[in-house]
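The values are calculated or read from the model by the stated rules, or taken from the named source; none is laboratory data. Just so we're clear, the structure is a prediction, and the values are computed from it rather than from any experiment. Using ideal geometry, Cβ is built from the backbone for each residue, glycine included, and neighbour counts are taken over all protein chains shown.
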């Protein structure tokens, strides 16, 4: 059982799992969900909102899954600025409902998908799993703070439930909503528009091909240690936003000056995220798709699937002050 598998990462994981297993998805299908992402698969989607505890309980009790991967979340930082309560409700109370349902039904394993943003900005050596501070800690946005609380909540069940927590870094690839940075810059490049980069463009992130993240999640389903968190990231050449936008412009055949500093910057825009993934690598995982190849493949996919993303662009662009 997956939650949120009509979303970007969830759908990629569902497609991978459905090749070898029966998959059922609990998903209320917000703006960020799209059944087209699971087209051609045998995944069954139930219209369940994770904050509705009774509905989650009933679905889990009826299906008795051998594992639950909890991905359903509000995940867009800019949207969290305008409606933080929705993020805390879905990300914290939704997580509690899933964990309680799993506990009551005796589900053998729950994998809670968190984020590297729970650590807050990284001023020095990459964060190891034990560096996460209790509660909201150093997390800044409403999104990151809500995920930090949900992360603690999940690990707090480990004495009663077999829970593993995954903390992936930024993912990109096909089917990502054009509100997200890589997808946004990609569709703007393909439409012949500028690629606006906030601030001085020096904000640094790791970037991971989404299918590599899914392979890590599948590994943790099988081999993750109960009550442990695992960072997921390539740890190879973290890049500034300016560099990422430039790579996208080049892959789309646009000139370097298509990338521009917008003059706008997000409030409390974290300067750098960085995570140490030694614990996950000890299980045998390593990324298979490098950044440059991933960007090339992403641009090619969006070029061929304009019929999917064009209808989403206007609403996504309306979010931005740049």
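In segment 32-43, the residue that is nearest to residue 305 (Cα to Cα) out of those that are part of a loop (DSSP other than H, G, I, E, B) and in contact with a helix residue (DSSP H, G or I) (Cβ under 7 Å, 6 or more places away or on another chain) is 41.
Checked against (1) out of contact with any strand residue (DSSP E or B) (no Cβ under 8 Å at 6 or more places or on another chain); (2) surrounded by fewer than 21 Cβ atoms within 10 Å (Cβ to Cβ), residue 239 meets all criteria but (1). Set side by side, the residues 109, 133 differ, and just one is touching a strand residue (DSSP E or B) at 6+ places or on another chain (Cβ under 8 Å) and modelled with pLDDT of 95 or more, which is 109. Note on segment 103-136: residues that are over 18 Å from residue 168 (Cβ atoms) and touching a helix residue (DSSP H, G or I) at 6+ places or on another chain (Cβ under 6 Å) total 2. With respect to residue 50, is the statement that it is over 18 Å from residue 100 (Cβ atoms), surrounded by 21 or more Cβ atoms within 10 Å (Cβ to Cβ) and in contact with a strand residue (DSSP E or B) (Cβ under 7 Å, 6 or more places away or on another chain) true? In short, no. Taking the criterion of being within 26 Å of residue 288 (Cα to Cα) and not in a strand (DSSP E or B), the only residue of segment 191-204 that qualifies is 203. Residue 20 meets each of the listed conditions (1) more than 29 Å from residue 160 (Cβ to Cβ); (2) in contact with a strand residue (DSSP E or B) (Cβ under 7 Å, 6 or more places away or on another chain) apart from (2). When the test is whether a residue is more than 28 Å from residue 308 (Cβ to Cβ), assigned to a loop (DSSP other than H, G, I, E, B) and modelled with pLDDT of 95 or more, residue 66 passes it. Where strands (runs of 3 or more DSSP E) sit wholly within segment 205-322, those with at least 3 residues that are closer than 25 Å to residue 147 by Cα occupy 207-209, 229-232. When 16, 20, 86, 97 are checked against the criterion of being over 21 Å from residue 311 (Cβ atoms), assigned to a helix (DSSP H, G or I) and without any contact (Cβ under 8 Å) to a residue 24 or more places away in the chain, 86 stands alone in meeting it. The residues of segment 100-115 include none that are in a helix (DSSP H, G or I) and on the phi > 0 side of the Ramachandran plot.
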